[in-house]
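Asker: Please read through the structure below; I'll follow up with questions.
The values are calculated or read from the model by the stated rules, or taken from the named source; none is laboratory data. In this text, all values refer to a predicted model and were calculated from it rather than measured experimentally. Backbone-built Cβ (ideal geometry, glycine too); neighbour counts: all protein chains shown. With ligands, DNA and RNA removed, areas are computed over all heavy atoms of the protein, side chains included. Shrake-Rupley method; radii C 1.70, N 1.55, O 1.52, S 1.80 Å.
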Amino acid sequence: MNTLPVEQFRKFKNDITRFLMAYKFALDAFETKIDILTEEFQLFHDYNPIEHTKSRLKSPESILKKLYKKGLDISLPSIKANITDIAGIRITCSFIADIYRISDMLQNQSDLKIIEIEDYISHPKQNGYRSLHMLVEIPIYMSDRQENVCVEVQIRTIAMDFWASLEHKIYYKYNRTVPPTLLQELKEASDSAAALDRKMERLHNEISEVKDAQAEEWGEDLKQISISNQQFQLPEALLRLLSDRPNNV
């Protein structure tokens with residue numbers, strides 16, 4: 001039975017709620033950044049490097065278990081200082097090159113502070129796990145203050161994500177005591193997924209080269225702008241002005 005006075009319990013609950021809200025707002029702000037990058041890339045490159053994103057907020061129970069496991073002090077300052085994966089977002093891409101492209105775009109944003117980068121693509125884990133991990137600090141603005149909040153970012157291809165999901169289910173089923181034969185097959189599956197990633201990226205690059213060659217001449221699609229489902233026709237006077245400009249200008 002709870003023995004805390006009502007007012008003390010209410011304050012405790014409000015403190016936790018406000019604490020977790022900061023991480024929720026950090027995810028919202030980060031997802032907005034991803035949406036902007038995606039739309040910009042789609043407009044200028046006619047291609048979307050991001051297949052989908054998935055975010056999650058760690059539950060108070062999971063946070064508490066992690067504190068106990070690490071033998072840390074149970075307090076909000078201790079959580080903020082030691083638990084860096086409360087807010088997490090997974091970005092799934094089509095190709096390996098997209099992973100590094102998105103990573104570079106995020107690193108170029110002046111309001112983001114990159115705390116750590118772990119490249120499990122160039123250096124896969126022993127079990128075959130591949131992904132790019134980033135620990136990013138993002139500012140959020142509350143009604144009475146600004147806070148810098150950590151977000152854990154995982155960027156991977158569809159093949160990497162499929163493998164990681166399967167591996168997680170197998171470990172859960174066997175309660176983390178997976179037979180050696182299955183571990184070996186998982187590693188082989190990871191290598192096969194990596195080979196598929198490389199092959200699909202090569203095909204994508206070849207198709208892009210053909211498409212670029214076919215788009216060298218002016219077409220009607222070059223005479224209009226599409227932004228947020230709105231179509232804007234370029235004025236003929238502007239097109240004539242551009243046509244009259246010397247090529248070296």
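Asker: Among Pro180, Gln146, Val136, which residue has its Cα furthest toward the positive end of the charge dipole of region 136-192, with +1 on Lys/Arg Cβ and -1 on Asp/Glu Cβ?
Answerer: Looking along the dipole axis, the top candidate is Pro180.
Asker: Give me the extension gain from Ser192 to Met105: residue separation times 0.36 nm, minus the current Cα-Cα distance, reported in nm with one decimal. Before the final figure, lay out the partial values.
Answerer: Working: separation 87, 0.36 × 87 = 31.32 nm, distance 2.87 nm.
Gain on stretching Ser192 to Met105: 28.4 nm.
Asker: What does the charge count near Tyr141 come to, summing +1 for each Lys or Arg and -1 for each Asp or Glu among other residues with Cβ under 12 Å from its Cβ? Don't jump to the answer; show the numbers that get you there.
Answerer: Numbers: positive: Arg145; negative: Asp28, Asp111, Asp144, Glu147.
Net local charge, Tyr141 excluded: -3.
Asker: Moving to a separate point now. Expressed in nm², what is the orientationally averaged projection area of the convex hull enclosing the Cα positions of region 61-168?
Answerer: So the mean shadow area of the Cα hull is 8.5 nm².
Asker: Hey, rough spin-label estimate for Met200 and Leu57, points 7 angstrom out along Cα→Cβ, what's it come to in nanometres?
Answerer: That separation, rounded to one decimal, is 3.2 nm.
Asker: Near the amide H of Cys93, under 5 Å away, which other amide H atoms are found, from residues 5 or more places off or on another chain, if H is placed in the peptide plane?
Answerer: Glu51, Arg156, Thr157, Ile158
Asker: If you don't mind, there's one more thing I want to ask. With Cβ to Cβ distances under 15 Å as the rule, what net charge do the other residues near Gln184 carry (K, R +1; D, E -1)?
Answerer: -2
Asker: Please report, as a whole percent, how much of the solvent-accessible surface of region 84-168 comes from carbon and sulfur atoms (probe radius 1.4 Å).
Answerer: 48 percent
Asker: Where the convex hull is taken over the Cα atoms of region 10-57, what is its projected area averaged over directions, in nm²?
Answerer: 3.5 nm²
Asker: Between Tyr47 and Phe12, how high is the FRET efficiency from 1/(1 + (r/R0)^6) when r is the Cβ-Cβ distance and R₀ = 45 Å? Nearest 0.05.
Answerer: Values: r = 49 Å, r/R0 = 1.09.
Once rounded, the FRET efficiency stands at 0.35.
Asker: Restricting things to Cα coordinates, could you compute the convex hull volume per residue of region 1-102 in Å³?
Answerer: It is 129 Å³ per residue.
Asker: Please compute one quarter of the surface area of the Cα convex hull for region 109-171 and express it in square nanometres.
Answerer: That works out to 6.1 nm², a quarter of the Cα hull's surface.
Asker: Please list Phe30, Phe25 in order of solvent-accessible area, largest first, computed with a 1.4 Å probe with all protein chains present.
Answerer: Listed by decreasing accessible area, they come as Phe25, Phe30.
Asker: Quote the FRET efficiency, to the nearest 0.05, computed for Tyr174 versus His133 with a Förster distance R0 of 35 Å and r equal to the Cβ-Cβ distance.
Answerer: Efficiency at R0 = 35 Å is approximately 0.90.
Asker: Ok, one more. Where Lys and Arg each count +1 and Asp and Glu each count -1, what net charge lies around Pro124 among other residues with Cβ under 15 Å from its Cβ?
Answerer: -2
Asker: At 0.36 nm per residue, minus the direct Cα-Cα distance, what do Asp85 and Tyr120 gain on full extension? Give it in nm, one decimal, please.
Answerer: That works out to 10.9 nm of additional length.
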